[in-house]
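Below: the structure, in structure tokens.
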Amino acid sequence: MNYLRNILNWLKTRRKKILWVTAICLVGFYLLFKLMDNLYPVDTERLSYSTVVLSSDGSILSAFLSKDDKWRIQILKEDIPEGLKKAFIFKEDKHFYIHPGVNLISLVRAFFQDIRAGRVVSGASTITMQVARMLSPERRTFFNKFKEIFRALQLESHYSKQEILEMYFNLLPYGGNVEGIKAASLIYLHKQPINLSPAEIASLMIVPNSPRHYRFDNNNGAIIAGRNKWLERFAKAHLFKEKEIQQALSEPLSAKRAELPKIAPQFCIQMAAKHKDEAYIKTTLDINLQKKAQNILTEYVQKLTLWNITNSAVIVVRNKDHAVMAYVGSANFDDVAHQGQVDGVDAIRSPGSALKPFLYALAFDQGLATPKTVLYDVPSNFSGYQPQDYDRIFRGKVTVEDALLNSLNVPAVKMLSNMDIATYINVLENGGCRTLVSQQPKLGLSLVLGGCGIKLKELTGLYVTLANGGKYAPLRYTQDQVETKPVQLLSQESSFMISHILTEMQRTDVPANLDDAEHFPKIAWKTGTSYGHHDGWCVGYNDKYTVGVWVGNFNAAEAQELSGASCAVPLMTQLFGTLNYYNDLNWLKPPPHIGMRWVCSETGKLPSTYCTNLVPDYYIPGVSATETCDHMKMVYTDAKGTISYCRSCLPKAGYVEKLYPSYPPEMIAYYSLYKMPFVKIPPHNPECPRIYNDRSLSIQSPVNGTEYLLMKNESRNIMLKCNAGNDVTMVYWYINDKYYGKTKPDETLFFTPNDGMVKVSCTDDKGRTAHIHITVKEI
């Protein structure tokens, strides 16, 4: 007793000194801890998560392994049910919310147990210490235990209890390469953690203690036995309601490892590559629409295999916010034989005629044409480039809307030749077709016919621009993608006129079963078929959605039956019918500043006094041309109509005035070539002082009936030259009755003949024709 009293007296006399020493020790310990913390920081950055791609409603589309090849799916605060937290804290660390990362009482008790055993038998590890060990696994030794304690204190100084608990739930081992509550819940129990029952929580709680013994699927019986022991402890501790415990004790365990979803695989691979190191990628895809689109496409392509067509791709966009709602890269991702892993939405292919609407929209905006403007589908030569239509038939006079609806090639190339091609390319590039940038030096007039490479998603984005009144904005793939301010790429008026044309049903690419589709939505659409029948395209849209379809073979194999009309349109209409079966049939409304006027049906120009057949036509006030129609002109002729006069040779009497069609030179050549009857203006007065008497057309070169011997390995060019009257302004040349080119009467042209008999013809713009034959032989 005296001994204790002496100790207390000693402490009283030295109280201040003891307090000072204690304070100095604490400060010293704190400073040492901060120094060590700075020198050896805790490395939580090594904790990498699986990348999970989510649909717009939060459903999992696909998931990818973490950097260390683990299925470690990050669990978030909102994913953790309260019962899960209570159960784990009850089992592992009842004082988790009180201690600073280390439970000193448990640690001292474990220390003496370990000393007596001579090895680590009781770790007294808190949840924070377990996190430290799982972040950096090492052998269980006394030294490593001190490191674990230090790391636990570090974690507590840098993270909140909630953050530490989340790390703990994300690191728990569940056998193989599965780590974390969420990954185990999805892979083994096939549900989100928030939906776990008390029995499932208890099962997940005991497995990390011995993942090899308690292995889901292989040893569910042992897991049930261990689970029930802890459920009984929960009952005694009133952790759950008694009814929940009773239900949990009798609940079967049907845990079985399953693959995580693989929906929209090409899209998800692309998103994971673009958004590296992100645990969750929240996309704009609608999972139900995605599944429907995939099923429809897969079934459809199975029918096309009879035509040796093995693949297709689809993208669906919501117009109002440019959000991609469905993205199907191929008919079957797992079909190795037909390159199913290729992403058809992102592949560069020839678009065929699918770019024509944007050419005509630009022409409308530049005042070069309106829908009723008349163009000429006749044999033409553009510096050696001689486009033809798919059926090799020339239709002569057509309107812009007919040329677009029937996808005629010559009028489109002619229109592009009349404008600055760089302007057209800029419109396409500014509309999202960035693949054209690298191709620009090689692009020419064939661009409008598909002489380029483009992606389905780029082409579909262009058509979204038409659906949105000419305003372009990039497609959105993720919910956090910043919406950019739309750019007015095309005018609202030209976009409407193009859309109005593309909704017409009198066209060659209407699917055969369309008339049977009651309530079929009113949509605008355009097809495209690449040269050689390698690609079939169709993009359709209304005010709400745009659907882009590509059909073909990823190995670029040709299929004669492949075309946009026969193969892509039926799939597009089927998708659109599923997507928006009942829609507003009056969605396409004229913009406020567009005009309507009467024009002559013969030219599409404003009517003159000679125009009798007028048709209504949309136009852009202040932009569209106001030229008066000149398809008829008054001509002075003799009473019999055998010769015509100009004012220089007009007689004083004996003449009459008569209306004659004023055909452009290319139409006169077209009528003459195909021997089609047309009304000709009578030959001009041969006595006219303004012209020569000899008005006949003859070919000077080559010489008729001559055999041309051409040396091998030398130039094979032969000159074309003619004699024409000086009332002629243009001469059209034909080789073997095939249009070759045009020249002015005093110009020459060269051609390279094949061996054998060659027919050379020319026609002037007055309808006169000359023919010769030569023989060509190589020596």
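The values are calculated or read from the model by the stated rules, or taken from the named source; none is laboratory data. The structure presented is a predicted model; accordingly, all values stated were derived computationally and were not measured. Neighbour counts run over all protein chains shown; Cβ positions are idealised from the backbone, glycine included. To get the accessible areas, we keep the full protein, side chains included, count just its heavy atoms, and leave off ligands, DNA and RNA. Shrake-Rupley method; radii C 1.70, N 1.55, O 1.52, S 1.80 Å.
Over all orientations, the stretch 716-769 has a Cα convex hull whose mean projected area works out to 3.6 square nanometres. Legend: translational diffusion of the stretch 211-333 by Stokes-Einstein, Rh = Kirkwood radius over C-alpha pairs, 20 °C, 1.002 mPa s; D = 113 µm²/s.
The alpha carbon radius of gyration of the stretch 580-641, expressed as a multiple of 2.2 N^0.38 Å, is 1.75. As a rough guide to protection, the peptides 125-131, 601-607 ranked by mean Cβ packing within 10 Å, highest first, stand as 125-131, 601-607. From the largest down, the stretch 335-398 spans 50, 29, 22 angstrom on the principal axes of its Cα atoms. Between residue 755 and residue 236, the distance separating the two model label sites (each 7 Å from Cα on the Cα→Cβ line) works out to 10.6 nm.
Tell me, what % of the accessible area of the stretch 187-329 is carbon and sulfur with a 1.4 angstrom probe?
Values: 3470 of 7180 Å².
Of the solvent-accessible surface of the stretch 187-329, carbon and sulfur hold 48 percent.
In a fully extended conformation the segment linking residue 69 and residue 273 would gain 71.9 nm over its present Cα-Cα distance, using 0.36 nm per residue. Compared with the alpha-carbon gap, the fully stretched path from residue 503 to residue 633 is longer by 43.2 nm at 0.36 nm per residue. For the stretch 604-741, the Stokes-Einstein estimate of translational diffusion at 10 °C and a viscosity of 1.306 mPa s comes to 83 µm²/s, using the Kirkwood hydrodynamic radius over alpha-carbon pairs.
Within straight-line reach of residue 544, meaning a Cα separation under 16 Å, sit the following aspartates and glutamates at least 8 residues removed in sequence or on another chain: 286, 321, 584.
Take the Cα coordinates of the stretch 309-444, assign each an equal point scatterer, and use the Debye formula without solvent to give log10 I(q)/I(0) at q = 0.12 Å⁻¹. One equal scatterer on each Cα of the stretch 309-444 leads to -0.64. Greater than 30 Å separation of Cα atoms is the criterion. Which listed pairs, 262/526; 455/742; 276/356; 241/282; 70/274; 414/633, meet it? Distance filter (> 30 Å) returns 262/526; 455/742; 276/356; 241/282. Each Lys and Arg adds +1 at its Cβ and each Asp and Glu adds -1 at its Cβ; summed about the Cα centre, the stretch 259-322 shows a dipole of about 140 debye. Ranking 441, 74, 59 by how far each Cα lies toward the positive end of the dipole of the chain (charges on Cβ) leaves 74 at the top. Highest-first packing order for the peptide set 295-303, 84-92 is 84-92, 295-303, based on the mean count of other beta carbon atoms within 10 Å.
Angle of helix 104-117 to the longest C-alpha principal axis of the chain, folded into 0 to 90 degrees and rounded to 10: 70°. Placing a label point 7 Å from the Cα of residue 339 along the Cα-to-Cβ direction, the residues of the stretch 552-570 whose backbone N falls under 16 Å of that point are 552-559. The alpha carbon gyration tensor of the stretch 269-373 gives principal lengths a ≥ b ≥ c with a/c of 1.5 or higher and a/b no greater than b/c, which makes the shape oblate. Over the C-alpha trace of the stretch 145-218, radius of gyration and Dmax come out as 14.0, 41 angstrom. I need the P(r) histogram for the stretch 124-184: all alpha carbon pairs, bin width 10 Å from 0 out to the longest distance, whole percents. Spelled out bin by bin, the stretch 124-184 gives 23, 50, 25, 1 percent. Residue order by solvent-accessible surface for 771, 593 is 593, 771, largest first, with ligands and nucleic acids left out and a 1.4 Å probe. Global dimensions of the stretch 544-679 from alpha-carbon coordinates: Rg and Dmax equal 25.4, 76 Å. Of the residues 460, 531, 474, the one whose Cα sits farthest toward the positive end of the charge dipole of the stretch 400-554, with +1 on the Cβ of Lys and Arg and -1 on the Cβ of Asp and Glu, is 474.
At 222 nm, what value in deg cm²/dmol follows for the chain if DSSP H runs of at least 4 each add -39500 (n - 2.57) and the sum is divided by all its residues, to the nearest 500? Computed mean residue ellipticity for the chain: -9500 deg cm²/dmol. Considering the stretch 462-506 at the alpha-carbon level, its Rg and Dmax are found to be 12.7, 43 Å.
Between residue 85 and residue 483, what is the FRET efficiency for a Förster distance of 35 Å, r being their Cβ-Cβ separation, to the nearest 0.05?
Details: r = 38 Å, r/R0 = 1.08.
Rounded to the nearest 0.05, the efficiency is 0.40.
Ranked by the mean number of other Cβ atoms within 10 Å per residue, highest first, peptides 748-755, 645-652, 339-346, 65-72 order as 339-346, 65-72, 748-755, 645-652. May I ask for the percentage of alpha-carbon pairs in the chain that lie more than 42 Å from each other? Value for the chain: 54 percent of Cα pairs lie more than 42 Å apart.
Applying 1/(1 + (r/R0)^6) with R0 = 25 Å to the Cβ-Cβ distance of residue 555 and residue 306, what FRET efficiency is obtained, to the nearest 0.05? Efficiency computed from Cβ-Cβ geometry: 0.90.
What you get for the chain, charging only the Cβ of Lys and Arg (+1) and of Asp and Glu (-1), is a dipole of about 4040 debye around the Cα centre.
Once Rh for the stretch 428-519 is found with the Kirkwood sum over Cα pairs, what is the Stokes-Einstein diffusion coefficient at 37 °C and 0.692 mPa s, in µm²/s? All intermediate terms of the calculation are to be shown ahead of the outcome.
On the way: Rh = 15.5 Å.
Calculated translational D: 212 µm²/s.
With a Förster radius of 41 Å applied to the C-beta separation of residue 653 and residue 609, the computed FRET efficiency comes to 0.95. What is the helix-to-structure angle for 492-502, meaning the angle in degrees between its Cα long axis and the longest Cα principal axis of the chain, kept from 0 to 90 and rounded to the nearest 10? It is inclined by approximately 80 degrees. Annotation for residue 177 and residue 773: the two label points, set 7 Å from Cα along the Cα-Cβ direction, are 7.7 nm apart. Rounded to the nearest 10 degrees, the angle from helix 356-365 to the longest Cα principal axis of the chain is 70 degrees. Start at zero, step by 5 Å, and the Cα-Cα distances of the stretch 141-264 spread as 2, 10, 17, 18, 18, 14, 11, 7, 2, 0, 0 percent across the bins.
From largest to smallest, what semi-axes in whole angstrom does the stretch 618-678 give when each is the square root of 5 times an eigenvalue of its alpha carbon gyration tensor?
Values: eigenvalues 179, 80, 16 Å².
So the equivalent ellipsoid measures 30, 20, 9 Å along its semi-axes.
Of the residues 376, 408, 663, the one whose Cα sits farthest towards the positive end of the charge dipole of the chain is 408 (charges of +1 on Lys and Arg Cβ, -1 on Asp and Glu Cβ, taken about the Cα centre).
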